[in-house]
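Colleague: Could you have a look at this structure, given as structure tokens, before my questions?
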Amino acid sequence: MQRDTFDRPMRDLRISVTDRCSFRCVYCMPRELYDDHEYLARSEILTYDEIVRFARIAVGLGVEKIRLTGGEPLLRKQIEVLVAGLAAIDGLEDLAMTTNGHLLAKRAEALAEAGLGRVTVSLDGIDDEVVRAMIDTDVSVDVVLEAIDTADAAGLGPIKINTVVRRGWNESQIVPLVEHFRGTGHTVRFIEYMDVGTTNAWKSDEVIASAEILRLLSERWEMVPVDPAYAGEVASRYRMVDGSGEVGFISSVTEPFCGECSRLRLAADGHVFTCLFASAGTDVKAVMRSGASDDDIAGLLRAVWEKREDRYSELRGAVPIEFPRVEMSYIGG
Ligand code: SAM
Ligand code: SF4
Ligand code: SF4
């Protein structure tokens, strides 16, 4: 397994398959900037064959888990073809997808048949009005809830529900979300609002710390911590003592986990990044398209990982920020 300068292994690969999305979440793709955005051209985007080739090489270097993301991954045509290609890679242990759920209900069965193991569905509340304000798109919560049920029935569960909490926007939804999903086997994971990219005009006072959310939930349910399921698990988990389920917290701002970060990220245009907060990546697509062998590409990835020294979240506020920084919708969350 490849190790970086802090001895962190390259274990996970996140693949952003498109920079486009059907939603305009205010904290990710604000409508005023993204309706008119210059998206990647088709020729700039990696083909499915290129992505599978890259993934196979990464698995050869120690990657065990792959997550498809975006943008909205279900906007890529026939993504089941990509899923099947990835699922066939020898040595890959886990293949998952993060989606906004908008188009999932119709596709869940085909995705499961193609070999997808799990889905994570993003949902920032249960109340339509609150969610519509967050996603800035006319899609009702029922569409996403139905997708969650369908995905579960197709074998893609239990499902993780990703909820970004932004002060002044959706803190009213914290208890109702847990209330809705307790007893279903699905787990709500509260994500601290992060300063990824620059277009969301992030402000630190809009972050609601996980500790505050846990306090709020503990007023309602008795909660006890759960041991990590594996080394490097980024979510800390709590279980409700009444047996009705678990809640997860991804506390990238208040309790950074860079020391355990084993993620390599491949953007839709074939640039690789070693941190969500990077300002520059390495153009692997150009190398692939110039006729490089698998060994050449493996050598490039090894070199990128060996010199990796990212720990942005641990240094947040202590070092000047480099601009421009990549956007979440491009690099994949
Ligand atoms: N479109 C898909 C979705 O929303 O699930 C996949 C891509 S999205 C960029 C992946 C995850 O990043 C989502 O769960 C989203 O809520 C989260 N996200 C986006 N911007 C964020 C931010 N500024 N802080 C924290 N999480 C963010
Ligand atoms: Fe789209 Fe996901 Fe970003 Fe929302 S969080 S705008 S659904 S990419
Ligand atoms: Fe990983 Fe960078 Fe996030 Fe730290 S800030 S956990 S290195 S992606």
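The values are calculated or read from the model by the stated rules, or taken from the named source; none is laboratory data. A quick note: this is a predicted structure, and the numbers were derived from the prediction, not measured. So basically every Cβ, Gly included, is an ideal-geometry build from the backbone, and we count neighbours across all protein chains shown. The accessibility values were calculated without ligands, DNA or RNA, using every heavy atom of the protein model including side chains. Shrake-Rupley method; radii C 1.70, N 1.55, O 1.52, S 1.80 Å.
Colleague: Quick one: in the range 142-196, which of the residues that are among the β-branched types (Val, Ile, Thr) and in contact with a His (Cβ under 8 Å, 6 or more places away or on another chain) is farthest from ligand 3 (Cβ to nearest atom)?
Modeller: So, considering only residues that are among the β-branched types (Val, Ile, Thr) and in contact with a His (Cβ under 8 Å, 6 or more places away or on another chain), the one farthest from ligand 3 (Cβ to nearest atom) is Val143.
Colleague: Residues of the range 312-333 being within 14 Å of ligand 3 (Cβ to nearest atom), more than 18 Å from the chain's Cα centre (by Cα) and assigned to a loop (DSSP other than H, G, I, E, B), which ones?
Modeller: Of everything in the range 312-333, those that are within 14 Å of ligand 3 (Cβ to nearest atom), more than 18 Å from the chain's Cα centre (by Cα) and assigned to a loop (DSSP other than H, G, I, E, B) turn out to be Arg316, Gly317, Ala318, Val319, Ile321, Glu322.
Colleague: Quick one: in the range 315-333, of everything that is surrounded by 13 or more Cβ atoms within 10 Å (Cβ to Cβ) and farther than 15 Å from Gly270 by Cβ, which residue is modelled with the lowest pLDDT?
Modeller: Taking the candidates together, the pick is Ile321.
Colleague: Within the range 1-45, can you find the residues that are of a type in the set (Phe, Trp, Tyr) and open to solvent by 80 Å² or more (accessible area, probe 1.4 Å)?
Modeller: Across the range 1-45, the qualifying residue is only Phe6.
Colleague: Could we say that Val141 is without any contact (Cβ under 8 Å) to a residue 24 or more places away in the chain, crowded, with 18+ Cβ neighbours inside 10 Å and either closer than 21 Å to Gly333 by Cα or out of contact with any Lys or Arg (no Cβ under 6 Å at 6 or more places or on another chain) (or both) here?
Modeller: Here the answer is yes, as Val141 does meet what is asked.
Colleague: Does the range 107-118 include one or more residues that are over 25 Å from Ser16 (Cβ atoms), at pLDDT 95 or above and either surrounded by fewer than 21 Cβ atoms within 10 Å (Cβ to Cβ) or of a type in the set (Phe, Trp, Tyr) (or both)?
Modeller: no
Colleague: Which of the residues belonging to the range 3-31 are away from ligand 2 (no atom under 16 Å from the Cβ), in contact with a strand residue (DSSP E or B) (Cβ under 7 Å, 6 or more places away or on another chain) and part of a loop (DSSP other than H, G, I, E, B)?
Modeller: Met10, Arg11
Colleague: Here is a follow-up. Name every residue in the range 32-49 that is under 21 Å from Val81 (Cα atoms) and either part of a helix (DSSP H, G or I) or touching a strand residue (DSSP E or B) at 6+ places or on another chain (Cβ under 6 Å) (or both), in order of residue number.
Modeller: Correct list: Arg42, Ser43, Glu44, Tyr48, Asp49.
Colleague: When only residues in the range 119-134 that are more than 16 Å from ligand 2 (Cβ to nearest atom) and in a loop (DSSP other than H, G, I, E, B) count, which is least open to solvent (accessible area, probe 1.4 Å)?
Modeller: Checked the range 119-134; the qualifying residue least open to solvent (accessible area, probe 1.4 Å) is Ile126.
Colleague: Could you figure out which of (1) in contact with a Ser or Thr (Cβ under 8 Å, 6 or more places away or on another chain); (2) modelled with pLDDT under 95 isn't true of Asp19?
Modeller: All conditions pass for Asp19, except number (2).
Colleague: Also: Filter the range 153-199 for residues that are away from ligand 1 (no atom under 15 Å from the Cβ) and under 19 Å from the mean Cα position of the chain (by Cα); which is least open to solvent (accessible area, probe 1.4 Å)?
Modeller: Looking at residues that are away from ligand 1 (no atom under 15 Å from the Cβ) and under 19 Å from the mean Cα position of the chain (by Cα), I get Gly157.
Colleague: Could you please find all residues in the range 237-264 being in contact with a strand residue (DSSP E or B) (Cβ under 7 Å, 6 or more places away or on another chain), open to solvent by 10 Å² or more (accessible area, probe 1.4 Å) and either within 16 Å of ligand 1 (Cβ to nearest atom) or closer than 21 Å to Glu206 by Cβ (or both)?
Modeller: Ile250, Val253, Thr254, Arg263
Colleague: Step by step: first the residues of the range 48-61, then only those that are among the small types (Gly, Ala, Ser) and buried (at least 18 other Cβ atoms within 10 Å of the Cβ), then the one that is nearest to ligand 2 (Cβ to nearest atom). Which residue is that?
Modeller: Ala55
Colleague: A follow-up question, please. Considering the range 303-313 alone, what residues qualify as being open to solvent by 90 Å² or more (accessible area, probe 1.4 Å) and at pLDDT 95 or above?
Modeller: Glu306, Lys307
Colleague: Which numbered condition trips up Gly91, out of (1) surrounded by 23 or more Cβ atoms within 10 Å (Cβ to Cβ); (2) of a type in the set (Gly, Ala, Ser); (3) assigned to a loop (DSSP other than H, G, I, E, B)?
Modeller: Every condition holds for Gly91 apart from (1).
Colleague: Go through Arg107, Arg53 for me and flag whichever is among the basic types (Lys, Arg), within 14 Å of ligand 1 (Cβ to nearest atom) and assigned to a helix (DSSP H, G or I).
Modeller: Arg107 is the lone residue from the list that is among the basic types (Lys, Arg), within 14 Å of ligand 1 (Cβ to nearest atom) and assigned to a helix (DSSP H, G or I).
Colleague: Hey, another quick one. Looking at Gly245, Gly232, which is the one that is more than 15 Å from the chain's Cα centre (by Cα) and within 12 Å of ligand 3 (Cβ to nearest atom)?
Modeller: The match here is Gly232.
Colleague: Also, quick follow-up: Take the residues of the range 285-328 that are touching a Ser or Thr at 6+ places or on another chain (Cβ under 8 Å) and within 16 Å of ligand 2 (Cβ to nearest atom): which is farthest from Arg20 (Cα to Cα)?
Modeller: Per the stated criteria, the residue is Arg325.
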